Amino acid sequence: MKRTVSVVLAIIFVLIPAAVIGIGLPWGYLPAYAVFDGGLLEHANAHVAANFPARDTLAGWSLAVRVLGGQREHDQIFIVEDELIPALDPPLDDIVEDNTRAILEFARFVEQWQMPVYCMIIPTVSAIRQPNLPNFLLGQNVNQEQFIYDVYAQMLGRVRTIDAYNALSDVRDQYIFYRTENNLTALGGFYLYYALGGSLLEGVTRPSLQNYDIEHVKFDFLGDLYERSPFPNVRADILSIFRYRRAVPPREYTVVTGGNGVFKTYHTLFPLHVLDLAGNRAMEIYLGGLNAKTVITTSSPYPNNLLVIGDRTALAYVPFLANHYRTVTLLDLSQMSGEDFEIIADAIRRNFYDQALFAFSIETYMHSPYPAWAIYLLPDLEDY
């Protein structure tokens with residue numbers, strides 16, 4: 001019965017675009033070559049994209065029909081029940097080698113200021129939830145645990161590494177990854193923060209979940225994975241914020257974020273008003289979103305300054321770390337200008353930072369050169 005329904009629906013979704021195109025063409029019908037040369041779908045997609053006002057809805061329906069017919073992947077995103085799980089391509093060896101070499105060179109250079117360097121590679125949901133994934137997805141997996149182990153082995157003795165894999169694997173059944181956004185939830189960020197604290201915050205008592213007021217601020221969030229693969233039956237995500245309430249008096253924050261000389265200032269870690277502004281993405285409620293440079297100043301009794309070089313995963317855990325530092329500077333090297341690099345290099349030269357953390361999703365580390373760009377944050381070698 002299901003097969004019959006899927007076949008009928010598939011026919012409908014072939015004929016309707018053809019009819020729509022036929023109506024829109026001057027001669028009132030679809031040219032025969034478009035049907036018989038295999039170009040029907042190409043012509044249909046082009047015309048619908050240009051002329052059909054409900055094309056996004058149609059795309060969602062079309063995807064639903066294909067899923068009903070057995071398709072489980074669209075645009076490298078796998079549909080698993082009511083959530084979307086992105087595929088992870090194999091690592092690019094040259095990129096990985098350059099990223100690792102740059103972090104090691106950075107650590108070697110800042111030894112003169114006795115500034116410890118840390119590294120955290122964050123696995124994806126497909127690795128953490130592997131025991132619960134269907135067979136059709138298991139064959140797509142890269143061995144992320146082994147990859148992280150191999151990279152960390154090269155850093156032994158020079159860089160202090162953080163075991164994010166087991167920190168997340170131990171709580172895999174909790175809501176630690178979004179269903180429609182390729183990132184960790186705030187709860188997932190808490191568990192990363194707890195793993196980081198064992199090294200970065202040595203001797204500092206870390207608060208438990210009971211020390212936060214948890215507020216759910218959006219219940220219908222559909223993220224970047226959904227934008228690429230608009231499966232209609234996916235379950236929307238919940239955006240939550242964790243407000244630290246252990247401090248007496250309460251912490252005060254100043255967040256300055258932006259780049260290329262243009263900055264915004266917030267007096268909160270969670271600028272919820274952006275939800276009411278046109279053109280802003282909902283993820284900007286966390287630190288104003290990921291920008292070239294974000295500097296968080298906190299009325300904290302702790303004197304240290306932390307430098308974080310990372311990607312969008314930082315939006316999940318940095319709000320927790322901020323409570324234990326005087327300042328946290330978060331950099332997205334992919335967005336930084338030459339002037340931004342010079343400003344950070346000057347701060348390193350002045351020995352402003354007490355610790356440096358390199359923290360990237362495994363996807364960034366495997367496929368993007370941005371971690372390697374950290375070498376350009378170092379002051380000119382000729383000055384020393």
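The values are calculated or read from the model by the stated rules, or taken from the named source; none is laboratory data. Here the structure is a predicted model, which means the values were calculated and not measured. Don't worry about glycine lacking a Cβ; one is built from the backbone with ideal geometry, like all the others, and counts go over all protein chains shown.
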Q.
Which numbered condition in (1) assigned to a helix (DSSP H, G or I); (2) more than 26 Å from Phe177 (Cβ to Cβ); (3) among the charged types (D, E, K, R) is the only one that Glu227 fails?
A. (2)
Q: Filter the stretch 175-192 down to residues that are under 24 Å from Phe147 (Cβ atoms) and outside any helix (DSSP H, G or I) and give me whichever is farthest from the chain's Cα centre (by Cα).
A: Ile176
**Q.** Residues of the stretch 251-263 satisfying the condition of being at pLDDT below 95 and either touching a helix residue (DSSP H, G or I) at 6+ places or on another chain (Cβ under 8 Å) or farther than 15 Å from Asp332 by Cβ (or both)
**A.** Arg251, Gly259, Asn260, Gly261
Q) Any residue in the stretch 221-236 that is in contact with a His (Cβ under 7 Å, 6 or more places away or on another chain) and either surrounded by 12 or more Cβ atoms within 10 Å (Cβ to Cβ) or farther than 23 Å from Phe358 by Cα (or both)? A) yes
Q) Restricting attention to the stretch 227-243, which residues are of a type outside the set (D, E, K, R) and modelled with pLDDT of 95 or more? A) Ala236, Ile238, Leu239, Ser240, Ile241, Phe242
Q: Hey, can you tell me all the residues within the stretch 263-305 that are surrounded by fewer than 17 Cβ atoms within 10 Å (Cβ to Cβ) and under 19 Å from Leu222 (Cα atoms)?
A: Leu272, His273, Leu275, Asp276, Leu277, Ala278, Gly279, Asn280, Arg281
**Q.** Filter pass, Asp213 being in a helix (DSSP H, G or I), more than 26 Å from Phe78 (Cα to Cα) and among the charged types (D, E, K, R)
**A.** no
Q: Name the one entry in Glu363, Glu342 that is without any contact (Cβ under 8 Å) to a residue 12 or more places away in the chain and either within 22 Å of the chain's Cα centre (by Cα) or surrounded by fewer than 20 Cβ atoms within 10 Å (Cβ to Cβ) (or both).
A: Glu342
Q: Inspect all residues belonging to the stretch 193-201 and state whether any of them is over 27 Å from Thr100 (Cα atoms), out of contact with any Leu (no Cβ under 8 Å at 6 or more places or on another chain), of a type outside the set (Val, Ile, Thr) and assigned to a helix (DSSP H, G or I).
A: no
Q: Could you look through the stretch 345-360, keep only residues that are in a helix (DSSP H, G or I) and not charged (D, E, K, R), and pick out the one that is surrounded by the most Cβ atoms within 10 Å (Cβ to Cβ)?
A: Ile348
**Q.** Set Gly139, Gly203, Gly197: member being at pLDDT below 95, loosely packed, with under 15 Cβ neighbours inside 10 Å and either under 22 Å from Leu357 (Cα atoms) or among the hydroxyl-bearing types (Ser, Thr, Tyr) (or both)
**A.** Gly203
Q: Say whether the condition of being out of contact with any strand residue (DSSP E or B) (no Cβ under 9 Å at 6 or more places or on another chain) and under 27 Å from His324 (Cα atoms) is met by at least one residue in the stretch 230-248.
A: yes
Q) Out of curiosity, is Ile375 of a type outside the set (Gly, Ala, Ser) and part of a strand (DSSP E or B)? A) no
